[in-house]
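Worksheet for the structure shown next.
The values are calculated or read from the model by the stated rules, or taken from the named source; none is laboratory data. Because the structure is predicted, anything quoted here is derived from the model rather than measured. Note that each Cβ is placed from the backbone with ideal geometry, even for glycine, and that neighbours are counted across all protein chains shown.
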Amino acid sequence: MAKMSKKFKTDIFKICNLIYENSWTQNGIDYTTEKSHWRWSDLWALLINIGCHFSDKSIKAITDWSNEDRYNPQISSPDEEHYHLAAQMGHVSFCRAYEHLRGRKPFIAKSVNYGYGRYRAYNCHNGSRTQGRLAMGCKLPWQGEQVTVTSFNDTDGYLIACAYHPPKSEDDYGNRIKKRFKITNDDLIQARKDSK
């Protein structure tokens, strides 16, 4: 394995290195890209759940290092589901590291409902929170509608949230868009001021 600069040799890096070294010798289990991805995905969820501290630059540094040389281990970066889990649990250091990786400013709103993410078995905050970071799948009241965050545009600094028509029948999953909102940080700041 290629050497990493001393300044990045954090506990997170040591754990990533351990996972990488053991990915090739899983008790006779063949290595595949898919299995590797799931190992990394579960690792990020575990690190969030145990409350492991992340510096603001840690995820980006590890990801950049992984991508700079084909002989370095291929580390799968965390994704939006991990960000959802961290926001739901109030794991601020992971959220800040993920935001640094994506070049995203945090979107903070009132009355955020995180619902159930993929890692719902690990968490206990399933109801509305007074205030919190928005992640994909979060629900919140916005301009008289209950909306769900569906995507982020990190380049232009906004998110998309949609309000949906109620289901017409048992077979209707209520995924027909009623209104689509483009929400910026300034919009959220103004909404918090207006609610005081």
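Are any residues in segment 156-177 under 17 Å from the mean Cα position of the chain (by Cα) and of a type in the set (Val, Ile, Thr), and if so, which ones?
At the first step, the residues of segment 156-177 found to be under 17 Å from the mean Cα position of the chain (by Cα) are 157-161.
Scanning segment 156-177 gives a single hit, 160.
Filtering 155, 150 for residues that are part of a loop (DSSP other than H, G, I, E, B) and closer than 23 Å to residue 79 by Cα leaves a single hit, 155.
Yes/no per residue for (1) assigned by TED's automatic domain parsing to the domain that holds residue 18; (2) surrounded by fewer than 22 Cβ atoms within 10 Å (Cβ to Cβ); (3) out of contact with any helix residue (DSSP H, G or I) (no Cβ under 6 Å at 6 or more places or on another chain); (4) modelled with pLDDT under 90:
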residue: 51; (1), (2), (3), (4): yes, yes, yes, yes
residue: 60; (1), (2), (3), (4): yes, yes, no, no
residue: 71; (1), (2), (3), (4): yes, yes, yes, yes
residue: 86; (1), (2), (3), (4): no, no, no, no
residue: 91; (1), (2), (3), (4): no, no, no, no
residue: 99; (1), (2), (3), (4): no, yes, yes, no
residue: 121; (1), (2), (3), (4): no, yes, yes, yes
residue: 126; (1), (2), (3), (4): no, yes, yes, yes
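Entry remark, segment 65-87: residues being among the aromatic types (Phe, Trp, Tyr), over 8 Å from the mean Cα position of the chain (by Cα) and not in a loop (DSSP other than H, G, I, E, B) number 1 in total.
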